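This report refers to the structure that appears directly beneath it.
Each reported figure results from applying straightforward, stated rules to the coordinates on display, with no laboratory input. Worth saying up front: this structure is predicted, and the values here are computed from it rather than measured. Virtual Cβ from ideal backbone geometry, glycine too; neighbours counted across all protein chains shown.
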Amino acid sequence: MMQFGLIARKFSSSASVQSAIKNVTVIGGGLMGSGIAQVSAQAGQNVTLVDVSPDVLAKAQKSIGANLGRVAKKVYKDNPQEGEKFVSESLGRIKTLTDPVAAAKTADLVVEAIVENMDVKHKLFKQLDEAAPQHTILASNTSSLSINEIGSVVKRKDRFGGLHFFNPVPVMRLLEVVKGAETSEATYNAMMAWGKAVGKTCITCKDTPGFVVNRLLVPYICEAIRLYERGDASARDIDIAMKLGAGYPMGPLELADYVGLDTNKFILDGWHKKYPDQVLFKPIPLLNKLVSEGKLGVKSGEGFYKYEKK
Ligand code: CAA
Ligand code: NAD
C-alpha cells in the first residue's frame with residue numbers, strides 16, 4: 001500500500017522534470033523491459049518496445065495496460081475520465097517492433113533489457129551502434145555484468161552507460177546510473193535527468209559487480225537458498241522470518257521467485273566465473289536443479305512456490 005502511494009506522488013511530480021531525451025527505445029519486452037516502457041510512456045516519452053517474440057510484445061502491451069490502470073485508479077481517483085485518458089494516451093505513446101535496428105534509428109536513448117548473457121548483449125549492441133544516430137545514448141539494464149565489458153563492442157564509448165531499474169519497475173523508486181570508464185559527463189548528466197523525468201530517484205555507482213543493490217541483495221538471496229537447501233528451515237519459515245524479523249516486504253525465496261531463478265543463476269554463474277575464490281558466489285546445486293527443470297519462479301508458474309500461470 002505504502003509503495004503505491006509513493007508512485008502516485010512520484011508520478012505527479014515527475015512530469016515537471018525536463019529531459020532532452022524524448023524518444024526512447026527499450027529492447028526486451030519481458031519483466032523489466034515492459035516496466036521501463038511503461039514508466040517512460042507515462043512520463044510523456046515516445047517509446048518503441050522491441051522483442052524478438054511478437055507473443056512477448058502482445059503480453060507486454062496487456063500487462064502495461066493493466067498496470068497503467070492501477071496507476072490511474074490511484075492518481076485520478078476523483079476523476080475517472082482523466083484516468084482513462086491517461087491510460088489511453090500513455091498506451092498510445094508505445095509502439096512495438098521486432099527489429100532492433102529499425103527501432104534504434106529514431107531513438108535518443110536505447111535501454112537494453114534482454115537476457116543476462118554477455119555474448120547476446122554484444123551482438124545486439126554492435127547492431128545498435130551501427131544503426132543509431134550519432135547523438136543516441138546506449139544503455140544496459142544489466143543486473144550483474146560489467147558495463148565496460150558490454151560497451152567494449154561499441155564505438156561510441158562516451159555515449160554508453162548503465163541504467164539499472166528494479167522489479168517491479170512502476171513501483172520501485174530507485175534507478176542506479178552507472179558510469180563506465182569512458183562514459184562522458186554529458187551522457188551521465190543526460191541519463192540522470194532522464195531517470196528523474198521518468199519519476200525515479202537516481203543514485204550513481206561505478207562499474208562494480210552488482211553495483212550497490214545487487215552486490216548486497218544477491219548474496220543475501222543465495223544464503224537463503226543455501227539455508228533452505230541444508231534443511232535448516234522451511235521456505236515458508238525463512239520468508240516469514242525475514243518479513244517479520246527484519247521488516248522486508250518479501251522474504252528472500254519469494255523474492256528469488258519474483259526476480260526469476262534463471263536471472264539469479266545467470267548472475268551467480270557470471271560472478272563465480274570471474275571471482276572463483278569468493279564463497280558467496282559459489283554455485284548452488286538446488287538453484288541449478290530448479291532452473292534445469294524449468295522452474296524459474298513466478299514467470300514459469302513454479303520456483304520455490306507454485307503460482308497461477310499468467
Ligand atoms: N505496476 C503497477 N503497480 C503495481 C505493480 C506493477 N507491476 N505491482 C504492484 N503494484 C502496486 C499494486 O497495485 C499495489 O497498489 P495499491 O497500494 O494501490 O493496492 C501496490 O503496488 C502494492 O502491491 P500489492 O498490494 O499487490 O503487493 P505488496 O504490497 O505485497 O507489494 C511489492 C508488492 C511492491 C512487489 C513488494 O512486495 C516489494 O516491494 N517487494 C520487494 C521487491 C524488491 O525487492 N525488488 C527488487 C528486486 S531486485 C532487482 O530488481 C534488481 C535485479 O537486478 C535483480
Ligand atoms: P525476461 O526474461 O523477462 O525478458 C527478456 C526478454 O528479452 C525476453 O522477452 C526475450 O524474448 C527478449 N530478448 C532476448 N534476446 C533478445 C534480442 N536479441 N532482441 C530483442 N529481445 C530479446 O528478463 P528480465 O527479467 O526482464 O531481465 C532483462 C534484463 O534486465 C537482464 O539483463 C536482467 O539481468 C536485468 N534485470 C532483471 C531484473 C529482474 O528482477 N528480473 C531486475 C533488474 C535488471
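Name the long-range amide H neighbours of residue 26: under 5 Å, sequence gap of 5 or more, or other chain; modelled H, no Pro or chain starts.
Under 5 Å from the amide H of residue 26 lie the amide H atoms of 48, 49, 50, 111, each far enough along the sequence or on another chain.
Just the number, please: Stokes-Einstein D of the stretch 180-310 in µm²/s, Kirkwood Rh from C-alpha pairs, 25 °C, 0.890 mPa s.
Calculated translational D: 149 µm²/s.
What is the extension gain from residue 202 to residue 20, computed as 0.36 nm multiplied by their sequence separation minus the C-alpha to C-alpha distance, in nm to one decimal?
That pair, residue 202 and residue 20, stretches by 63.8 nm at full extension.
Place the peptides 23-31, 88-96 in order of packing, highest mean first, counting for every residue the other Cβ atoms within 10 Å and averaging per peptide.
Those peptides, ordered most packed to least, come out 23-31, 88-96.
Which ordering of 108, 269, 51 is given by a fewest-first count of other beta-carbon atoms within 10 Å? Intermediate values should be presented prior to the final figure.
On the way: 108 20, 269 17, 51 24.
Lowest count first: 269, 108, 51.
Using 1/(1 + (r/R0)^6) with R0 = 35 angstrom and r between the beta carbons of residue 236 and residue 115, what's the FRET efficiency to the nearest 0.05?
FRET efficiency, residue 236 to residue 115: 0.70.
Residue by residue, what Karplus-based ³J(HN,Hα) values in Hz, rounded to whole numbers, does the stretch 280-286 have, using 6.51, -1.76 and 1.60 with θ = phi - 60° and x for Gly and Pro?
For the stretch 280-286, the Karplus-derived couplings read 5, 9, 5, x, 10, x, 5 Hz, x marking Gly and Pro.
Suppose a student asked you for the relative contact order of the chain, using Cα pairs under 8 Å spaced at least 6 residues apart; what percent would you report?
Relative contact order for the chain comes out at 15 percent.
Starting from the Cα gyration tensor of the stretch 142-195, take the square roots of the eigenvalues, sort them a ≥ b ≥ c, and report rounded, prolate or oblate (rounded when a/c is under 1.5, otherwise prolate if a/b is larger than b/c, else oblate).
It is oblate, given that a/c is not under 1.5 and a/b is not larger than b/c.
Which one of 244, 287, 174 has the biggest mean-square fluctuation once the chain is modelled by GNM with Cα springs under 10 Å?
Greatest mean-square fluctuation among the candidates belongs to 244.
Using the alpha-carbon centroid of each, what span in Å lies between the stretch 22-97 and the stretch 161-236?
So the two Cα centres are separated by 22 Å.
Give the peptides 69-78, 179-188, 259-268 in descending order of average Cβ contacts within 10 Å, highest first.
So the peptides 69-78, 179-188, 259-268, ranked by packing, come out 259-268, 179-188, 69-78.
Got a sec? Which residues in the stretch 142-169 would a label at residue 181 touch, if it sits 7 Å along Cα→Cβ and we count backbone N under 14 Å?
From the stretch 142-169, the list is 146-154, 157-158.
What FRET efficiency, computed as 1/(1 + (r/R0)^6) with R0 = 25 Å and r the Cβ-Cβ distance, is obtained for residue 293 and residue 216, rounded to the nearest 0.05?
According to the calculation, E is roughly 0.30.
Rounded to whole Å and ordered largest first, report the semi-axes of the equivalent ellipsoid of the chain derived from its Cα gyration tensor (root of 5λ).
Values for the chain, descending: 30, 25, 18 Å.
Applying a 10 Å radius around every beta-carbon, put 134-142, 290-298 in order of their mean neighbour count, most first.
134-142, 290-298
How much length is gained on full extension from residue 243 to residue 282, taking 0.36 nm per residue of separation minus their Cα-Cα distance?
Values: separation 39, 0.36 × 39 = 14.04 nm, distance 2.56 nm.
Additional length available on full extension: 11.5 nm.
Can you compute the helix-only [θ] at 222 nm over the chain? Use -39500 (n - 2.57) per DSSP H run of at least 4 residues, normalise by all residues, nearest 500 deg cm²/dmol.
Computed ellipticity for the chain at 222 nm equals -15500 deg cm²/dmol.
Write down Rg/Rh for the stretch 136-243, rounded to two decimals, with Rg from the C-alpha atoms and Rh from the Kirkwood relation over Cα pairs.
1.10
What Kirkwood radius, in Å to one decimal, follows from the Cα pairs of the stretch 236-310?
13.1
Sticking with the crude label model, points 7 Å out along Cα→Cβ, report the distance from residue 152 to residue 73 in nm, one decimal please.
4.8
Going by how many other beta carbons lie within 10 Å of each one, how would you line up 205, 222, fewest first?
Numbers: 205 17, 222 22.
Ranked by crowding around the Cβ, least crowded first: 205, 222.
Based on C-alpha coordinates, I'd like the Rg and Dmax of the stretch 96-175, in Å.
Considering the stretch 96-175 through its Cα atoms, Rg and Dmax are 12.3, 35 Å.
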